């Protein structure tokens, strides 16, 4: 007996991962990467070596987490020859086992992160059944023992007239490259934040091309030349079984557009850090032992006093500042739960119910584009909203665009 | 202009957080806690002291992460007097600032975790406008310098005939208490796994009643009696601004029931660790720089070779083993992407398309109840599925129950 699936249009297909990645949902900014990560090959050092050495392979450089870019909208990639002064000719020559045996906590290797392959570029690298242009990211921040080598790389590329994108957020990049950058930034930042083991306090080693950090059982640091065996290190609980401390951290965060019980108003709040007249959807970290819907109800209650009934998950957005997964929801207040009370949490400076007309107007004239105040036509003191690169804007836009009255997505 | 919201039944209300926590979505096992966490009061040591000392306050003990329980379905709580030999009369006497100033890395405090208040119990504790029975969890694992004190607590409760629940999973607990346990387990485990700072390798201090770990700038350890000032500790990057390393980690994980393009079949897989005939939905960790839908498509492709088009998020489940948020989805394969290929990732031993009839039968007779093989009526070699406490079962049940043909949730 077949399931009834009324009105179920079939997804367009071609032979690359790219199109298969898009169903019917909204792809928020920083999502929608064109790369196939081939995550199962990260443990294969022969694969990594081969990808690293291929002439079509692209290297993205990050300095203090800023990407090398041609212009504010486009990343700049360099070649293997450009990174070699820092990485050496083959940073993947050795297996994880060999690296662990040779671990010396006084020696620092740069993080060379395998991002994936772009299967649209079929003339690129081949490995088994996988074909495409390989992409790596390299952390070239001039720090610690590798500072000089990193500098030699960055100075050489700057001499060619390319530079790192200034600023703290990089929301001017074109969408597919923003997703590549999000992956690179989140992963390299995780490596930079976690040089030590949370379980035992000893130095860790980056393996699997920047996607795992291991706490080695032995160390050659400080031993005289000609030593035959390394020192045993202190006990570490992460060495037994699989520990999540060895893998990148992503913090699930809820963000929610709350509509009034009758659907006519939208709840928005502002923190003290916001520019004048600027309001946004409420947001907060999901806590241990909570479902997404529970986190939404708790955060809205804590920040605004409003009681939420139904919660529907709308879309999600990777947000690499430093490591968030924004889970976007649209929720409905209960009829007697609409009173705003800021006395629970001190997080918001203000929260207000806005009419749909006010919000619709703000979407048109109160949204900044690339750091510029959105429009001259905004009235003094009228509502301003976050840009379209933020999921907050997409949630607000969905409500105003009739999401509540729309049919099911499946 | 009002938004059109056709057929929008209003949520039932009463005056507690509990009912407000439930909208129309499915509450999976380990979600649906009856407690209001009052997370904004965790920084208020006077509040915590007062809650700790109230005669109605309940203390849940965990030993090696197993809860104290009356029987396999019900938690056992103890009183302040029972935990005092370990915690002292008031573990919240000091502010975070004072604790930081007095930090001595040779001194170990037990973690006393504030879980929240049960507002249904109005005769309990009162603080400002908040009323209800306060709940704490205390880690009584006999380890390190506090081993003897912890033992004195556990032996005293065991002498009363109460014991810790055996086993590695605690899915026999009644649902509201399972959610309380999930919160306690996840948080206490996070504290136990992270005694050191990942940013600098030095010991950290648990503050905010077990919900934050701080890397103190100074240390009194090893100083002679009468010393006037503590030693400065090494630089730590987590001390500047807000660091996610200071807060509990939750790993977002996708889990997905994939239906065939025509909706007639369901894709299930098995790992080598599974009991005979047992299959489940596919699952895997969400990666940095991915939306939920992208993670679903990647994991299904990597584990089974199947290409997924549309993805709809169904529900979520906190899974405290050790720290997951399971994000449950229902997805649809593309018409030409249904061929199973296990050669990408080596994770699954097998993956298969099952007919709806097979799966419907397995939901009836192939599901274990509390560790017992589900039914005598299951045919030799017929499909077995995970229990109802697992979101995998709920996703499969949703598909078989007609989810794909159902109307929108909002």
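Taking the condition touching a strand residue (DSSP E or B) at 6+ places or on another chain (Cβ under 9 Å), farther than 22 Å from residue B:192 by Cα and either modelled with pLDDT of 95 or more or not assigned by TED's automatic domain parsing to the domain that holds residue B:142 (or both), does residue B:87 pass?
Here the answer is no, as residue B:87 does not meet what is asked.
Test residue B:191 against the stated conditions and say whether it is under 25 Å from residue B:220 (Cα atoms), under 15 Å from the mean Cα position of the chain (by Cα) and surrounded by fewer than 21 Cβ atoms within 10 Å (Cβ to Cβ).
yes
Just for strands (runs of 3 or more DSSP E) wholly inside region B:302-370: which have at least 2 residues that are within 10 Å of chain A (Cβ to nearest Cβ) and touching a strand residue (DSSP E or B) at 6+ places or on another chain (Cβ under 8 Å)?
Once the strands (runs of 3 or more DSSP E) in region B:302-370 are filtered for at least 2 residues that are within 10 Å of chain A (Cβ to nearest Cβ) and touching a strand residue (DSSP E or B) at 6+ places or on another chain (Cβ under 8 Å), what remains is B:308-319, B:324-333.
Of the conditions (1) over 23 Å from the mean Cα position of the chain (by Cα); (2) surrounded by 20 or more Cβ atoms within 10 Å (Cβ to Cβ); (3) closer than 30 Å to residue B:43 by Cα, residue B:221 clears all except one; give me its number.
Failed condition: (2).
Mind counting the residues in region B:133-164 that are on the phi < 0 side of the Ramachandran plot and in a loop (DSSP other than H, G, I, E, B)?
6
Assuming residue A:284 fulfils every condition listed in (1) closer than 22 Å to residue A:360 by Cα; (2) more than 7 Å from chain B (Cβ to nearest Cβ); (3) not in a loop (DSSP other than H, G, I, E, B) apart from one, which condition is it?
Failed condition: (1).
Pick from B:57, B:74, B:87, B:123: which is in contact with a helix residue (DSSP H, G or I) (Cβ under 9 Å, 6 or more places away or on another chain) and surrounded by fewer than 16 Cβ atoms within 10 Å (Cβ to Cβ)?
Criteria check complete, one pass: B:74.
Any residue that is buried (at least 21 other Cβ atoms within 10 Å of the Cβ) and at negative phi - is there at least one of those in region B:101-109?
Looking through region B:101-109, at least one residue is buried (at least 21 other Cβ atoms within 10 Å of the Cβ) and at negative phi.
So, in region A:342-370, exactly how many residues are under 21 Å from residue A:293 (Cβ atoms) and without any contact (Cβ under 8 Å) to a residue 60 or more places away in the chain?
Qualifying residue count, region A:342-370: 2.
Are there any helices (runs of 4 or more DSSP H) wholly within region A:17-126 with 2 or more residues that are more than 14 Å from chain B (Cβ to nearest Cβ) and over 24 Å from residue A:162 (Cβ atoms), and if so which?
Fully inside region A:17-126 and qualifying: A:45-53, A:96-101.
Which of the residues belonging to region B:245-259 are more than 15 Å from residue B:296 (Cα to Cα) and either more than 9 Å from chain A (Cβ to nearest Cβ) or surrounded by fewer than 19 Cβ atoms within 10 Å (Cβ to Cβ) (or both)?
Correct list: B:246, B:247.
Report whether or not residue A:289 is closer than 30 Å to residue B:188 by Cβ and in contact with a helix residue (DSSP H, G or I) (Cβ under 9 Å, 6 or more places away or on another chain).
Spelling it out, residue A:289 is indeed closer than 30 Å to residue B:188 by Cβ and in contact with a helix residue (DSSP H, G or I) (Cβ under 9 Å, 6 or more places away or on another chain).
Working only within region A:288-301, note down all residues that are surrounded by 24 or more Cβ atoms within 10 Å (Cβ to Cβ) and not in a loop (DSSP other than H, G, I, E, B).
Within region A:288-301, A:292, A:293, A:294, A:295, A:296, A:297, A:298, A:299, A:300 meet the criteria.
Please enumerate the residues belonging to region B:194-218 that are at the interface with another protein chain (Cβ under 10 Å from one of its Cβ atoms) and either over 15 Å from the mean Cα position of the chain (by Cα) or free of Cβ contacts under 8 Å to residues at least 60 places away in the same chain (or both).
Correct list: B:194, B:195, B:196, B:197, B:198, B:199, B:200, B:201, B:202, B:203, B:204, B:213.
If residue B:79 meets every condition in (1) at pLDDT 95 or above; (2) under 23 Å from the mean Cα position of the chain (by Cα) apart from one, which number is that one?
The one condition residue B:79 does not meet is (2).
The values are calculated or read from the model by the stated rules, or taken from the named source; none is laboratory data. Note that this is a predicted model, so its numbers are computed, not measured. A quick note on method: Cβ atoms are made from the backbone with ideal geometry, for glycine too, and the neighbour counts reach across all protein chains shown.
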